[in-house]
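See structure below.
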């Protein structure tokens, strides 16, 4: 059967179960868009900037666990997508991004809207392809999806020259062959015996859960391991949601803005079982003082993540789900039981740390505290919500004060820390789950980085809710200037922001503003109830800081706390 | 940990950008490639890259793990700690000036250097050996007045696989 390139593309997307594409048309992808115009199975969401398309596909992928798809044109369309691709790459999110390219005969000639996008994205994709002829189109697209979702997932870019898409070829699905590349699944049984031995001799074990547990769909196994054997759990930013945030064993996030008790637990534990983490510098503080009393077990699918930052005692290369299943089976078969009073002593110690320095803030009746808004949001929604965040203080307060109960419900740019992520990501999440409440917790700096996507939400009635914590500052940078630069607020004052309520109206969505603590609950209830995209703006205390905080270059056991609380 | 030179053999799919991918990633992570040799194997689809780099064992392990992440990389072997033979080649042109002419001829005889081009005013030699042998040759060649020189990267092969 003879098919054109554009037909092959859409056919394989359908086979891969793609139901939504986020994209933006342009010269080199006109043929694809023309073909898309008649397609009934794939919905296309027209964003307002290509960065938004990739973040939306990313949000979709993080919430569903499936591959997100974006489609953009060549040149500036492709370069605009790069921040989104790098964001997904740092957090190992499966995406396939299709970029248009000038006809193969013009490649290298500095043609109009030409750029070497495979060259540009080589360091920030899991893999990328330039499809040089129609014969390799089908297998390349298939392979792109396979690579994106297998092993340690990641974004794959496929560059599609205009003439290749217009060409015709004999298409037979039976002839499509993809290369199989090596992926680690199951570790050797002797490793399980080693963990058992380490667990049996440990008096103070701690589990550290990371993004790999969510990506590996291993939250249930991790939760079972912790609960069955009464092992406390801390998590990285990316691990939030992989263990219930309202469970007594949960110690909260560790690291730079982690809880006092999580960081004390890491610093004092004698066995650290790290699952799906890569020991980022924001998590470890100074490496030399990280978990010095502990033997460390690291379970990860990617060998290059092991012994990269922290040298571990027992490296286990494997899929998190399969490995944890093996471990649970092995522990049960060998009748592992924690020594009761030892474990109780350790949990009592953690409780004492928690009592000494709880995660809290100075409440106020005069001025809105951002933490209070987040707590109220949790109370009203009872946690039945998918939250995206922007990057900065809004993100850290959310991680600290919203107890996420389930995996894939906290959607945030961890590794790259991309401001402007939250709104388009929320649009992606809401497109996948139209019946779910989806809230973007934002700051006034971040939201303006992709504010144009309000038009996308309005056009398709994608009713995302924005909780905007407005302090008129680039808050996190200002916090560093306050603490480490003698309060010299160089270029962080953003008092000239638009009137967000009027802006909402201008975009044809709803806008509400709260300026006093007494208005917080009513504003949230009103905004969450409206059947439209909404901005709920909360004018918050301007110089609120995120605490606790580990100063850069310090050990995570040395934390700075809010002066007003500790005095 | 001791820093030393490691010879890494990488079997890859022969794709247009595979070398750029490897070189770019290693460079971006701050690892230096000291020498490089690439060619196809018995199959045109598959190429072998022999790369040398300097580092301690931990660094080299990180490099190997990084290489194994590439979709186009089939296999990675560190040939440093297993029995293997290593060769690199020098092509060198020496001008037969009046004052050096005799000495050059004497050296060619003594060290059994292979003359591949012999002209009135110059000779081109091909010298093959492992790194130590070639460094030895270099030390002998320099006083003779090198007009131009090319050295390949190291190629290596394990004795038994």
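Nothing in this text is a laboratory measurement; each read-out follows from the coordinates by a stated rule. Just so it is clear, the structure is predicted and the values come from calculations on it, not from any experiment. We place every Cβ from the backbone using ideal geometry, glycine too, and count neighbours over all the protein chains shown.
Restricting things to alpha carbons, find the Rg to Rh ratio for the range A:123-257 using the Kirkwood radius for Rh.
Looking at the range A:123-257, the ratio lands at 1.17.
Report the label-to-label distance for residue A:178 and residue B:3 in nanometres (one decimal), using points 7 Å from each Cα along the Cα→Cβ vector.
So the two model labels end up 4.2 nm from each other.
For chain B, what does the relative contact order come out to in percent, with C-alpha contacts under 8 Å and a separation of six or more?
28
Grab the beta carbon distance between residue A:526 and residue A:484, set R0 = 30 Å, and tell me the FRET efficiency rounded to 0.05.
0.15
Could you work out the mean count of beta carbons from other protein chains within 10 Å of each residue's beta carbon in A:118-128?
Mean partner shielding for this stretch: 3.
Give me the percent of DSSP beta bridges within the range B:4-82 that run antiparallel, rounded to the nearest 5. Could the numbers behind the result be given before it?
Values: 22 of 22 bridges.
So the antiparallel bridges amount to about 100 percent of the total.
Pairs of alpha-carbon atoms within less than 8 angstrom and 6+ residues apart define the contacts here; what relative contact order does chain A have, in percent?
So the answer I get is 14 percent.
Give me the Å³ per residue figure for the convex hull around the C-alpha atoms of chain B.
148
Counting only other chains, and only Cβ atoms inside 10 Å, what mean value do you get across the residues of B:64-71?
Mean shielding count: 6.
Please work out whether the range A:356-423 counts as rounded, prolate or oblate from its C-alpha gyration tensor, where a ≥ b ≥ c are the square roots of the eigenvalues and a/c under 1.5 means rounded, while otherwise a/b larger than b/c means prolate and anything else oblate? Each step should come with its number before you reach the end.
Numbers: a/c = 1.71, a/b = 1.38, b/c = 1.24.
It is prolate, given that a/c is not under 1.5 and a/b is the larger ratio.
Under the definition of Cα pairs under 8 Å and six or more residues apart, what whole-number percent is the relative contact order of the range B:85-158?
Result for the range B:85-158 is 53 percent.
Taking the Cα-to-Cβ direction at residue A:499 and at residue A:459 and moving 7 Å from each Cα, how far apart do the two end points lie in nm?
2.7
Express the Stokes-Einstein translational diffusion coefficient of the range A:348-465 in µm² s⁻¹, to the nearest whole number, given a Kirkwood radius over alpha-carbon pairs, 20 °C and a viscosity of 1.002 mPa s.
D, rounded to a whole number, is 140 µm²/s.
Round to the nearest 0.05 the FRET efficiency obtained for residue A:518 and residue A:227 when R0 = 51 Å and r is the Cβ-Cβ distance. Before the final figure, lay out each step's value.
Working: r = 40 Å, r/R0 = 0.78.
With R0 = 51 Å, the Cβ-Cβ based efficiency is 0.80.
Give the order of A:397, A:353, A:250 when sorted by the count of other beta carbons within 10 angstrom, beginning with the fewest. Write out the running numbers ahead of the final one.
Details: A:397 27, A:353 19, A:250 23.
Fewest-to-most ranking of A:397, A:353, A:250: A:353, A:250, A:397.
Looking at the range A:411-567, what % of its DSSP beta bridges pair antiparallel, to the nearest 5?
Here the antiparallel bridges make up roughly 10 percent for the range A:411-567.
Where both residues lie in the protein assembly as shown, what percent of DSSP beta bridges are antiparallel, nearest 5? Working shown, then result.
On the way: 49 of 113 bridges.
So the antiparallel bridges in the protein assembly as shown amount to around 45 percent.
Taking 2.2 N^0.38 Å as the expected size of a compact globular protein, what ratio does the Cα radius of gyration of the range A:456-567 give against it, to two decimals? All intermediate terms of the calculation are to be shown ahead of the outcome.
Working: Rg = 17.6 Å, N = 112, 2.2 N^0.38 = 13.2 Å.
Ratio of Rg to 2.2 N^0.38 Å for the range A:456-567: 1.33.
What span do the alpha-carbon atoms of chain A cover on each of the three principal axes, reported in whole Å from largest to smallest?
Taking max minus min along each principal axis of the Cα atoms, chain A gives 72, 61, 41 Å.
If you take all C-alpha pairs in the range B:4-82, what percent of them are over 19 Å apart?
So the portion of pairs separated by more than 19 Å is 28 percent.
What is the spin-label model distance, in nm, from residue A:19 to residue A:356 if the labels are put 7 Å beyond Cα along the C-beta direction?
Placing both labels 7 Å along Cα→Cβ, they lie 5.0 nm apart.
Does the range B:85-158 classify as rounded, prolate or oblate by the C-alpha gyration tensor (a ≥ b ≥ c root eigenvalues; a/c under 1.5 gives rounded; else a/b over b/c gives prolate, otherwise oblate)?
prolate
Which of the three applies to the range A:6-133, rounded, prolate or oblate, going by the alpha-carbon gyration tensor with a ≥ b ≥ c and a/c under 1.5 meaning rounded?
oblate
If all Cα-Cα distances of the range A:432-481 are sorted into 10 Å bins from 0 onward, what percent lands in each bin, rounded to whole numbers?
Going out from 0 Å in 10 Å bins, the range A:432-481 shows 22, 45, 23, 9, 0 percent.
Enumerate the residues in the range A:102-132 having an amide nitrogen under 16 Å from the point lying 7 Å beyond the Cα of residue B:41 toward its Cβ.
Answer for the range A:102-132: none.
Compute the FRET efficiency between residue A:335 and residue A:543 as 1/(1 + (r/R0)^6), taking r as their Cβ-Cβ distance and R0 = 45 Å, and round to the nearest 0.05.
The computed FRET efficiency comes out at 0.20.
What is the order of A:507, A:547, fewest Cβ neighbours within 10 Å to most?
A:507, A:547
Using 13 Å as the cut-off for backbone N distance, which residues of the range A:293-330 belong to the label zone defined by a point 7 Å from the Cα of residue B:11 along Cα→Cβ?
No residue qualifies, since no backbone N sits under 13 Å from the label point.
Hey, can you rank A:255-261, A:239-245, A:456-462, B:27-33 by average C-beta count inside 10 Å, highest first?
A:239-245, A:255-261, A:456-462, B:27-33
Just rank A:521, A:197, fewest to most, by other beta-carbon atoms within 10 angstrom.
Ascending Cβ contact count within 10 Å gives the list A:197, A:521.
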